[in-house]
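Written below as structure tokens is the structure these notes are about.
Nothing in this text is a laboratory measurement; each read-out follows from the coordinates by a stated rule. Quick caveat, the model's predicted, so the values are computed rather than measured. Counting neighbours? That spans all protein chains shown, and the Cβs are built from the backbone with ideal geometry, glycine included.
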Amino acid sequence: MEKYQAITLKNFRDFPQVDYHLTKQEKFAVDVVGSVLPFRANNYVVNHLIDWDNYQNDPIYTLTFPQEDMLRPAHFQEMADAILAGAKKGEIKLIANKIRRQLNPHPAGQMEQNLPILDEVKLTGVQHKYRETMLFFPSQGQTCHAYCTFCFRWPQFVGMNELKFAMRDTELIIKYLRANPTITDILFTGGDPMIMKTKVLATYLDALIEAKIPNLRTIRMGSKALSYWPQRFVTDEDAADLLRLFEKARKSGIHIAFMAHFNHPNELKTPMVEKAIAKILDTGTVIRTQSPIMKHINDDPDTWATMWQRQVELGCVPYYLFLARDTGAQHYFSVKLERAWQIFREAYQQVSGIARTVRGPSMSAGPGKVQILGVSEIMGEKVFVLQFIQGRNPDWVARPFFAKYDANAIWLDELYPAFGEAKFFFETEYPLKRKQLKVFGKNVSLKEVVSSLTILN
Ligand SMILES: *Cc1c(COP(=O)(O)O)cnc(C)c1O
Ligand code: SF4
């Protein structure tokens with residue numbers, strides 16, 4: 001039985017494959033980038049998921065090991081200089097926090113806009129953005145078995161504490177669920193709720209089951225444990241108890257939805273993950289899968305088609321394909337909107353209807369989850385056709401709308417309405433905050449800069 005060993009900034013040189021393969025420069029890059037963005041891997045990832053003979057092109061290596069280009073050159077240089085000068089821990093931390101604040105640590109207004117209030121108490125471990133679904137961040141589930149280098153949750157792993165969401169009080173969430181009968185789903189998230197010992201998770205689930213909240217129909221677990229530590233469901237000492245807990249919740253009439261995060265088909269190849277999936281399915285739990293699309297990891301159609309096909313064969317339901325969020329190392333991973341749509345389309349065409357349960361590409365942006373339906377031309381104008389899959393206002397959902405085509409756009413805040421309209425239909429309620437640039441001390445939008453450049457030409 002393989003015992004979990006964390007690989008961190010402090011000990012990564014002690015792992016033979018890592019020490020043997022990485023060049024001196026790559027190890028230094030881990031030191032530098034890992035001082036700003038979180039880094040954590042483990043023995044399963046290193047021993048079973050990474051192909052070390054080709055590690056520089058290996059998707060799981062890129063997914064878990066920090067690379068020089070994940071920081072902008074100036075940021076990298078600043079931290080590298082500090083480390084080379086032998087800066088003390090406190091000094092490194094100050095520099096790291098300064099850089100982190102420039103990396104949009106809380107995208108999509110998560111902190112300010114979605115915090116529910118109950119009897120004048122702010123529920124800091126809860127986000128309630130969409131009518132049906134409440135996100136719950138149990139305080140003991142705020143870390144992961146390994147960290148994804150693209151993760152938008154990174155601030156909570158690097159000790160920027162004021163950015164952490166977390167909550168202990170089950171009573172409060174039960175009260176909130178009762179007070180909001182439109183909520184049918186509670187989604188346990190983190191970090192990774194599967195990091196919790198079964199005993200701890202059981203205190204939450206048992207309370208939810210016993211409360212018999214009529215509107216609570218689905219409990220979702222958002223987790224990457226199936227790829228990073230499938231032993232959690234097979235050989236860990238409380239694995240069997242966890243499965244029994246799922247079964248119990250299921251038998252109480254609640255749908256248990258395991259939202260598995262898989263980024264690449266290589267994560268679905270090991271005998272351990274196969275066993276883990278089978279065991280979870282045996283409890284009556286349904287596994288749905290989701291992943292962002294990212295350069296260097298999965299930005300080609302065949303990878304997605306292979307992954308969805310494999311998931312279906314293992315009994316999982318493909319659910320979402322996301323665009324990488326505008327935070328952290330997004331410049332390294334980002335795929336342009338049009339390219340993401342092409343990849344989605346070419347992958348979707350390759351699989352049968354059974355795997356076409358997947359939806360995307362979708363951006364989790366301030367107003368909601370916006371899907372790119374495609375690029376089209378209407379009355380001579382090239383446009384993006386978009387729709388909300390989820391919206392702050394449920395009435396926005398499934399209503400096509402149009403943005404001016406922009407070959408370089410990677411996020412919603414770079415798009416402008418088509419056909420000369422002043423704003424998108426939802427902006428009367430929720431104006432988009434578009435990226436602003438300072439030019440001669442004046443705030444101007446990217447679009448204004450581009451059009452003035454055209455005039456100068
Ligand atoms: C994605 C998401 C959900 C769940 O949305 P579904 O479409 O029901 O899967 C809930 N809350 C937030 C904030 C989300 O981003
Ligand atoms: S498993 Fe999820 S929460 Fe954890 S680092 Fe990866 S993306 Fe972030």
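List of remarks:
- Between the listed residues Asn114, Gln387, Gly374, the Cα displaced farthest toward the positive end of the dipole of the chain, a dipole computed from Cβ unit charges relative to the Cα centre, is found at Asn114.
- Peptide packing: for 309-319, 259-269, 68-78, the average count of neighbouring Cβ atoms within 10 Å per residue gives the ranking 259-269, 309-319, 68-78, highest mean first.
- Relative contact order computed over the chain (Cα-Cα under 8 Å; 6+ residues apart), in percent: 11 percent
- Dividing the helix sum by the residues of the chain, where each DSSP H run of 4 or more adds -39500 (n - 2.57), gives a mean residue ellipticity at 222 nm of -9500 deg cm²/dmol.
- Inverse of mean 1/r across different Cα pairs in the chain, Kirkwood, Å: 23.4 Å
- Taking Ile410, Ile92 and counting other C-beta atoms within 10 Å, the order from fewest to most: Ile92, Ile410
- Förster radius 25 Å - calculated FRET efficiency between Asn180 and Glu247 (Cβ-Cβ, nearest 0.05): 0.35
- Across region 6-100, Cα pairs under 8 Å and at least six residues apart give a relative contact order of 32 percent.
- Beta-bridge orientation, the chain: approximately 50 percent antiparallel, per DSSP, counting only bridges with both partners inside.
- Computed about its Cα centre, the charge dipole of the chain is approximately 840 debye, with only Lys, Arg, Asp and Glu carrying charge at their Cβ.
- Shape class for region 51-140, computed from the alpha carbon gyration tensor (a ≥ b ≥ c): oblate, with a/c not under 1.5 and a/b at or below b/c.
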